[in-house]
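The values are calculated or read from the model by the stated rules, or taken from the named source; none is laboratory data. Only a predicted model underlies this, so the values are computations on that prediction, with no experimental measurement involved. Using ideal geometry, Cβ is built from the backbone for each residue, glycine included, and neighbour counts are taken over all protein chains shown. These accessible areas exclude ligands, DNA and RNA; they are computed on the full protein's heavy atoms, side chains included. Shrake-Rupley method; radii C 1.70, N 1.55, O 1.52, S 1.80 Å.
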Amino acid sequence: SFTNEQGEQERPVVIHRAISGSLERFLGVAIEHFAGAFPVWLSPVQVAITPVRENHEDVAKSIEKQLRDLNIRVSYQASSENLGKRIRNIKNQKTPYTIIIGDKDIEAGMITIETRGVETGTQMKLEDFIHTISEQIKNRSL
């Protein structure tokens, strides 16, 4: 309480509003908690696609379009850099999934998936991968 102008005791009322401040604090805590390696549903880029060589770009771009049509956030990584450097850059960005398209994948009708934190890639059908990532996004799994 405090003494007002008339000399009476009065209880103060404080209105506090910090919408953007609390949001910024929350985002800071989330970034620190996940160390930038967000779960799939929260990650700014959910899948990175990179072709092994130039002749694989048509297939890679087709996969990119299919994923974008399903509202999956995709980054297409085609450049003059070698494959190892592209994959290393993707891993440094902490992208949850990397799709690598090469000759063996095209011949087998499969895609090679590298998952963040897993050393070896696995081959699977695109439909199976779409089902897996869609479930993870839908269920917001960690």
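Summary table
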item: Residues located in the stretch 64-108, provided they are more than 23 Å from residue 38 (Cα to Cα) and in contact with a Lys or Arg (Cβ under 7 Å, 6 or more places away or on another chain); result: 79
item: Of all residues making up the stretch 1-32, the number that are part of a loop (DSSP other than H, G, I, E, B), among the β-branched types (Val, Ile, Thr) and open to solvent by less than 100 Å² (accessible area, probe 1.4 Å); result: 0
item: Identity of the residue in the stretch 69-86, among the polar types (S, T, N, Q) and touching a Ser or Thr at 6+ places or on another chain (Cβ under 8 Å), that ends up surrounded by the most Cβ atoms within 10 Å (Cβ to Cβ); result: 77
item: Scope the stretch 96-142; condition open to solvent by 90 Å² or more (accessible area, probe 1.4 Å) and either on the phi > 0 side of the Ramachandran plot or hydroxyl-bearing (Ser, Thr, Tyr) (or both); matching residues; result: 120, 140
item: Residue 93 farther than 17 Å from residue 115 by Cα and either at pLDDT below 90 or open to solvent by 70 Å² or more (accessible area, probe 1.4 Å) (or both); result: no
item: Residues satisfying the stated conditions in the stretch 27-80, i.e. within 17 Å of residue 100 (Cβ to Cβ) and basic (Lys, Arg); result: 53, 61
item: Test set (1) hydroxyl-bearing (Ser, Thr, Tyr); (2) open to solvent by 40 Å² or more (accessible area, probe 1.4 Å); (3) modelled with pLDDT of 90 or more; (4) not in a helix (DSSP H, G or I) - residue 50 fails condition number; result: (2)
